[in-house]
Amino acid sequence: MPLKSASSLLPDDHRPDDQRPVERQYPRDRDGLIAQLGDADPGVRRWAARDLARHGDGVVAALAARLSVEAAPAVREAILDALLAIGSDEAVEELMVFLRSEDAALRTGAVAVLQQLPDPVSRHMQHLLADVDPDVRIMAIDILQTLPHPEAPSWLADLLQRERQVNVVGTAIDRLAEIGTEDMLPLLDDVRDHFADEPYIQFAIDTVVRRIRGGSGVA
């Protein structure tokens with residue numbers, strides 16, 4: 001028997017507002033669902049976002065516009081899930097906009113979805129890693145944390161060849177501790193020399209080198 005959440009066992013009038021069954025008061029076509037994204041009831045907005053996932057690129061802009069102003073966590077989650085289900089280049093481009101948001105939870109949500117879309121994200125990764133904003137470059141590296149793509153090591157190597165912002169460099173080196181390869185050792189030596197006065201960079205590079213050399217303990 002499938003497990004049920006605790007809220008699903010409650011009578012309707014005792015459930016959180018965004019988990020109660022929603023009386024369908026709008027047309028069930030695309031335009032009707034988009035209209036529901038502006039409803040005052042978060043439950044209506046949540047179900048509309050879920051149902052819009054099947055409409056593909058034609059609703060991405062509407063979902064992103066709602067996400068930019070949505071305050072209810074359950075509705076945000078439903079919109080992010082819908083954009084993940086659509087998974088198109090347009091969805092990725094809209095999600096990338098939220099990497100610049102002042103809302104930390106929204107940035108984190110966008111990163112989590114982008115991490116699950118390796119093919120469309122790969123077409124934008126070099127651009128993200130070269131963004132003028134170092135915070136965006138760091139979030140691009142965060143996306144690579146779990147993005148299953150064979151080009152990830154070379155993307156990070158290219159970044160380290162030009163990057164001079166210490167926080168970005170430190171984040172990239174931390175990622176290389178998992179995916180770095182032996183041919184990167186000369187590059188890491190160059191980075192070590194350039195950041196000779198940064199103790200954390202020295203420590204992080206030592207960690208990566210030991211990992212690459214098989215844990216011999218020789219840096």
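Could you go through the stretch 125-146 and let me know if any residue there is among the small types (Gly, Ala, Ser), out of contact with any strand residue (DSSP E or B) (no Cβ under 8 Å at 6 or more places or on another chain) and at pLDDT below 95. Among the residues of the stretch 125-146, not one is among the small types (Gly, Ala, Ser), out of contact with any strand residue (DSSP E or B) (no Cβ under 8 Å at 6 or more places or on another chain) and at pLDDT below 95, which makes the answer no. Total residues in the stretch 94-130 satisfying the condition of being in a helix (DSSP H, G or I) and under 14 Å from Ser68 (Cβ atoms): the figure is 12. Looking across Leu128, Leu84, Leu99, one residue alone is closer than 30 Å to Leu159 by Cα and in the same structural domain as Glu151 (by TED's automatic domain parsing). It is Leu128.
Residues in the stretch 167-193 that are among the hydroxyl-bearing types (Ser, Thr, Tyr) and assigned to a helix (DSSP H, G or I): Thr171 only. Taking the criterion of being of a type in the set (A, V, I, L, M), closer than 11 Å to Leu63 by Cα and in a loop (DSSP other than H, G, I, E, B), the only residue of the stretch 28-45 that qualifies is Leu37.
The values are calculated or read from the model by the stated rules, or taken from the named source; none is laboratory data. Since the structure is predicted, the reported quantities are computational estimates derived from the model, not experimental observations. Ideal geometry is used to build each Cβ from the backbone, glycine not excepted, and the neighbour counts take in all protein chains shown.
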